[in-house]
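The values are calculated or read from the model by the stated rules, or taken from the named source; none is laboratory data. Model, not experiment: these values are computed from the prediction. Positions of Cβ are generated from backbone atoms using ideal geometry, with glycine treated the same way; all protein chains shown enter the neighbour counts. These area figures cover heavy atoms from the full protein model, side chains too; ligands, DNA and RNA do not enter into them. Shrake-Rupley method; radii C 1.70, N 1.55, O 1.52, S 1.80 Å.
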Amino acid sequence: MSRPLPIEYGAITPENVEELRKVNAACFPVSYNAGFYREIAVRRDDRLNKFAFYSGKVVGAVCTRLEPISNNRHRLYIMTLGVLAAYRGREVGTQLIQSILDYFEEERDGKLATVDEICLHVQTSNEDAIRFYIQRFGFVKGEIVENYYRRIDPPHCYLLFKKLRP
Amino acid sequence: MSSAADSNPQAGQGRPLPKKESDLFRNVVKFYETKQYKKGIKHADGILKKFPNHGETLCMKGLTLNCLKKREEAHALVKLGLRNDMRSHVCWHVYGLLHRSDRNYNEAIKAYKQALRIDRENLQILRDLSLLQIQMRDLEGFSSSRLTLLQLKPNNKINWISYALGRHGTGDLEGALSVLDAFLNTQDSNSVERSRNFESSELALYRNDILEELAKQQSTTTTNALEQYQAAYAHLMEIEEIVVDRGCWMEKRARYEVHLGKYEEARTTLEQSLERGLTEDYRVHSGYMCALLEVDGTTYDEATLRGGKNGGSGTSGSSTDTLATIQVLSSEQKKRLLDVYQNELLPKYPKSQAVQRIPLTLLLSMDSEKELFRSGVDAYCRKRLIKGVPSLALDLSTFLLEEVDDETTASPGRYRRVTDPIDVKSHPTFCILLDLAKSYIVHLESINKFSPEDDDTTNEKQQQPSEETILWAWYLLAGLYELCGNYAEGMELTDKCLEHTPNAVDVYELKARLQKAAGDMDGAVTSLDKGREMDKQDRYINNLTTKYMLQAGQEEVALERIALFTKHEGNPEDNLYNMQCCWYELELADCLQSKKVWGKSLKKFGAVIKHFDDFHEDQFDFHQYCVRKVTLRAYRDVLLWEDDLFGQEYYGRAAEGIISIYLHLHDANNDPSQGGKGNDGRYGEPDYSTMTAAERKKAKAIARKKKKAAEKKLQQAAAVAEAKKAEEAAAAQKADGSGNNHHNNKKKRQAAIPVVVDNDPDGLELLKKDPLEEAKKYSAILSKSAPKRISTWLIQYDVSIRRGKGLMALQALYKARAIDAEDAGLFERTVDFCTKKDGIASKMNETAKQVLERQTLLLLEPSKSVKEFVGSAKEKIKSDPLTSLPFRAAVAAASVAHCGSSVADASTLVLDGGIDARGVSVDACRDVLETLRTMTKKDGSSKAECDAWIDVVKKRFPLIKNLA
């Protein structure tokens, strides 16, 4: 593993949301609908949704949202994390996820006081990603969700999660 | 105005007004000056009730009405007033002011002069007159008006300065100096004018400029010139303490030192300039080289010209030009420079781009130093590839120089930039660059290093390639391919780049440029638009997309794109007009012209012409302001710039566009096959006659739809304008009512701008004008203002020959030949002229006829006839395989028309190697096809030549669309 790529973060706005589409199209086998992009662009929450810039250009992005789990309790749900192939292996993804976790620590007793865990869905065959979350951040493999994806094979996924509070 | 009225308030056919009315009149003047126009009119009406024929009151009322945009009424009233009181200077003055507001300056000057005849010493009128005179460049008149003013008010600094400017303007440099000195001598040594401050500094530098101009006027070698430079130098030293513009002072100092042969001192001065932070200023570097090599003053002046332009037409230099890229130096000289740059400057300024770059330009042309150049440029590129510098290919392209063979000047030789793809491809420096870029890619792709010998450990971290470096290496190579015309290879690389990093906007831009050059304009638009999508706040890419869309003929989408960045209220096109957005209007006009929408195209070209007229008008504000603020050097620059205004490229494009449309209309009107009507789009409609029935139906449906939409828009616009007007009227009323005027001045001025509703948005009125008259008008302006551009004379020929002006046409050919004797357009016209000559001569008198005959023969020199002229051109093509494609086509056409060559024979001139010649572009290839078509049509032979050409072109430009 070579040294981490020095990146900067940038907000996702209606003016540049097209870049997110470009990154996602290059990274994921599934394509997200227009509503997904609209929601992110309009929300303009630069702590949960952000680009990773390297020397002025977008090389990756992470999109997260708050989801309710029960009465007044929430979880952070990672919708997408993508890094352009040419820039992988330089800890861009690690830095992006870490920045989300850092944000939680900052707001642990503030804005995110109702948040208990962070989680995501990952295709069962995506071993690299599973290893990434478990080994690097201590996520735990949860239930298997069958037929989560419609257009890709295998269609099943795991729920990966990490408890943020005891 | 007020002083005029005060000194003789009761002027009026010798009969003074009664007390009450004369007070009223004074108020009228006061209200006019404070812009309370409605009140002014009320008071004027008060006088006119009793004295309906009082001339001065009528005039003042007229003048006030003019400010309320009632132009017609104003003119009538002022004329009436003037008739009633011809001996009043007030009436004449008002008459002049009215003409001035119409920008009818010559009439205004006449009126002012009449007023001055009655009241010789009226300061206000003299001042107004002098402003008009300088605006109209009546320099003698200006000078004498300013002299009168100076004599009347010798204690005013502005009058001294203005008179000095007047003398300077008439070319009387010594006179200007003595005026300035007379003024400065009246100031004692510790006055403000002689201490260190901005105004005194500007005045002193202005005086020094005049001294320098005096020195320049002397022929360079005479001792006289040396004396003058000595004087300028001495003065410069004298004023050192009061000059605040240190940069300019040092620039002048270095220049004088070189002219005086004080090279050591010049070197020190320039070193100080570098130390002050001018390390990236190539003019300073160029000067420094001159001082090191001890060149003469003239060379120094040329090498340090602002912007690095190396003069002459066509050979526009780049901003990185220095002595070493303008003029061929001996290898001793180069070695000397190299030594200083590498051993003195580089250690001192290791981060300076210019200092890193200049040694490369020195190594470049030394055959013995090929390897040094290679390793130097290698290091230069690596650094920039790691950093990610998109302009690297463009930067390197300035290294492609060739010596100009010019027998007329013996020594030293000069350099010219190589730009034609065919020349670039074979240029030795280019081969080195291409080789380097390719080897980077091979090694970056396999081992992520620039070369296998690179060691990870010894180099600093900054010099290691990163993930991104390969992207820039591909980008560089694609850029180099663009330079040498290998568009397909370039596009392959840009596609690789986009796969690697799909959101690198620079790549979209380069890809679009490559697609455009390869003939796929629509593809280029798509690429750019994709790049634009990623950052909708990027005005640059948005504008570029708009431009490409216009070039691809998509004017409606283009308007939508550009509208993203115009003001959001109102019509975007009006906003662009108000912002004087020339590039958009020119591109749109070109687009409409190619679609044969003549009227609207004329309208857009006309808009650009209007902007330039406004630029010319704008200088009016500076005549007073600059003198008051003593920014005299900048003011001189503005005046000289304005003198040259209509020679600017944008003006030339607009004027040539207008001329070419009018000439087309003229030809269509006189073409019997068109029934003399010239229907092609004359009334803003497409040419239906060439379409099939189905196409026609579709086209008409589209036209109907467009018309409807346009009408709707117009209605909306009118409604908005109406509402605005009402609002403004209300605002104006309110403002007028309130007593506090100063606060409302600005608002009022805005309100005074009328809402212009264009009654002729499609320019149909323009189509009714006499085409030749209009063409002549603009061609005359170009001949006067842009005599160094060859296109000026070619178009002047086109206009003159249609007007039957043989000698003017001939003169245009001579002028064009002096600029570039091997221009294809010139060749075509020369041949054309020879065939039309006899017809023209038959209408001339004997003397003119003889001149025409003799001069035509001289034009063909050394050939004796057209046939020989064409023949020698054919020889030239055969002996030089790189002879430009347009020239080949012109010769081929001429040899069929005038030398009895067969089409098959003539077209070999084009087909044999034409595609590998100079001047090959998609557009040129299309033009050639057109020429071949005309040739074969006349001959009645098969289309084999056209098909052969199409094949060749398609091979060279695989993306080309709609060729057949």
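With everything on Cα atoms, drop me the angle between helix B:505-517 and the longest principal axis of chain B, reported from 0 to 90° to the nearest 10. Taking the Cα atoms of chain B, the angle to B:505-517 is about 80 degrees.
Farthest toward the positive end of the dipole of the range A:74-121, out of A:T80, A:L120, A:I100, is the Cα of A:T80, where the dipole comes from beta carbon charges about the Cα centre. PRE reach from B:D644 (point 7 Å along Cα→Cβ): which of the range B:191-219 fall under 13 Å by backbone N? Under cut-off, by backbone N: nothing.
Placing a label point 7 Å from the Cα of A:R165 along the Cα-to-Cβ direction, the residues of the range A:98-114 whose backbone N falls under 20 Å from that point are A:100-114.
Cross-link partners of B:K849 among lysines, defined as those whose alpha carbon lies under 19 angstrom from its own and excluding same-chain residues fewer than eight positions apart: B:K805, B:K836, B:K837, B:K864.
Here the simple spin-label model places points 7 Å from the Cα toward Cβ, and for A:Q98 and B:D574 these points are separated by 5.7 nm.
The share of Cα pairs per 10 Å bin across chain B, counted from zero up to the longest distance, runs 2, 8, 14, 19, 20, 18, 12, 5, 2, 0, 0 percent. To the nearest ten degrees, helix B:428-447 and the longest principal axis of the Cα atoms of chain B are 70 degrees apart.
The length gained on full extension between B:Q537 and B:V557, counted as 0.36 nm times the residue separation minus their Cα-Cα distance, comes to 5.4 nm.
Assuming R0 = 35 Å, what is the FRET efficiency of A:N71 and A:E127, from their Cβ-Cβ distance, to the nearest 0.05? Let's see the in-between values first.
Working: r = 36 Å, r/R0 = 1.04.
About 0.45, to the nearest 0.05.
Computed over chain B, the per-residue total of -39500 (n - 2.57) for DSSP H runs of n ≥ 4 gives a 222 nm mean residue ellipticity of -22000 deg cm²/dmol, rounded to 500. Using only side-chain charges placed at the Cβ, +1 for Lys and Arg and -1 for Asp and Glu, the dipole size of chain B relative to its Cα centre rounds to 5040 debye.
Relative contact order of chain A, taken over Cα pairs closer than 8 Å and 6 or more residues apart, is 19 percent. Restricting attention to the protein assembly as shown, close to 90% of DSSP beta bridges with both partner residues there are antiparallel. Distance between the 7 Å Cα→Cβ label points at B:R926 and B:S178: 6.4 nm. Sorted from greatest to least, the principal axis extents spanned by the alpha carbons of the range B:352-491 come out as 56, 35, 24 Å. Mean partner shielding of peptide B:501-514, defined as the number of other chain Cβ atoms within 10 Å of each residue Cβ, is 3. Divide the volume of the convex hull around the Cα atoms of chain A by the residue count and you get 129 Å³ per residue. If R0 is 25 Å, the Cβ-Cβ spacing of B:Q272 and B:D339 corresponds to a FRET efficiency of close to 0.75.
Expressed as an acute angle from 0 to 90° and rounded to the nearest 10, what is the orientation of the C-alpha long axis of helix B:353-363 relative to the principal long axis of chain B? For helix B:353-363, the angle is close to 50 degrees. Listed by chain and number, the lysines whose alpha-carbon sits under 21 Å from that of B:K788, ignoring those within fewer than 8 places in the same chain, are B:K309, B:K776, B:K777, B:K815.
Using only alpha carbon pairs under 8 Å that are at least six residues apart, calculate the relative contact order of the range B:88-232 and give it in whole percent. The partial results should precede the final answer.
On the way: 148 pairs, mean separation 17.1, N = 145.
RCO, the range B:88-232: 12 percent.
Scan the range B:361-434 for trypsin sites (Lys or Arg not before Pro) in coil per DSSP, keeping those whose Cβ has at most 15 other Cβ atoms within 10 Å, and list them by number. List each step's numbers first, then the result.
Numbers: sites: B:K370, B:R374, B:R382, B:K383, B:R384, B:K387, B:R414, B:R416, B:R417, B:K425; in loops: none.
Passing sites in the range B:361-434 do not exist.
Per-residue mean of foreign Cβ neighbours for A:26-32 is 1 (Cβ atoms of other chains, 10 Å radius).
The A-B contact accounts for roughly 1600 square angstrom of buried accessible surface, both chains included, probe 1.4 angstrom.
In this calculation the C-beta distance from B:K79 to B:L152 is compared with R0 = 41 Å, giving a FRET efficiency of 0.85. Taking a straight line from the alpha carbon of B:K496, these aspartates and glutamates sit under 16 Å away, with near neighbours fewer than eight places off in the same chain left out: B:E445, B:E467, B:E468, B:E482, B:D506, B:E509. With 50 Å² as the minimum drop in accessible area between chain alone and full protein complex (1.4 Å probe), the qualifying residues in the range A:53-88 are A:K57, A:A86, A:Y87. With protein chains left intact and a 1.4 Å probe, residues in chain B average 49 Å² of accessible area per residue. Taking 0.36 nm per residue of separation and subtracting the Cα-Cα distance, full extension of the segment from B:L859 to B:K38 would add 288.9 nm. Annotation for A:E143 and B:Q217: the two label points, set 7 Å from Cα along the Cα-Cβ direction, are 9.8 nm apart.
Ordering B:Q353, B:Y341, B:S397 by Cα displacement along the dipole of the range B:310-401 toward the positive end leaves B:Q353 in first place; charges were set at the Cβ atoms of Lys, Arg (+1) and Asp, Glu (-1). Full extension of the chain between B:S426 and B:S195 yields a length gain of 77.1 nm, computed as 0.36 nm times the residue separation minus the alpha carbon distance. Restricting the range B:817-900 to trypsin sites (Lys or Arg not before Pro) that sit in a DSSP loop and have at most 10 other Cβ atoms within 10 Å of their own Cβ leaves B:K843, B:K864.
Assign one of three labels to the protein assembly as shown, namely rounded, prolate or oblate, based on the Cα gyration tensor with a ≥ b ≥ c the square roots of its eigenvalues; rounded applies when a/c is under 1.5, prolate when it is not and a/b is larger than b/c, and oblate otherwise.
Since a/c stays below 1.5, the shape of the protein assembly as shown is classed as rounded.
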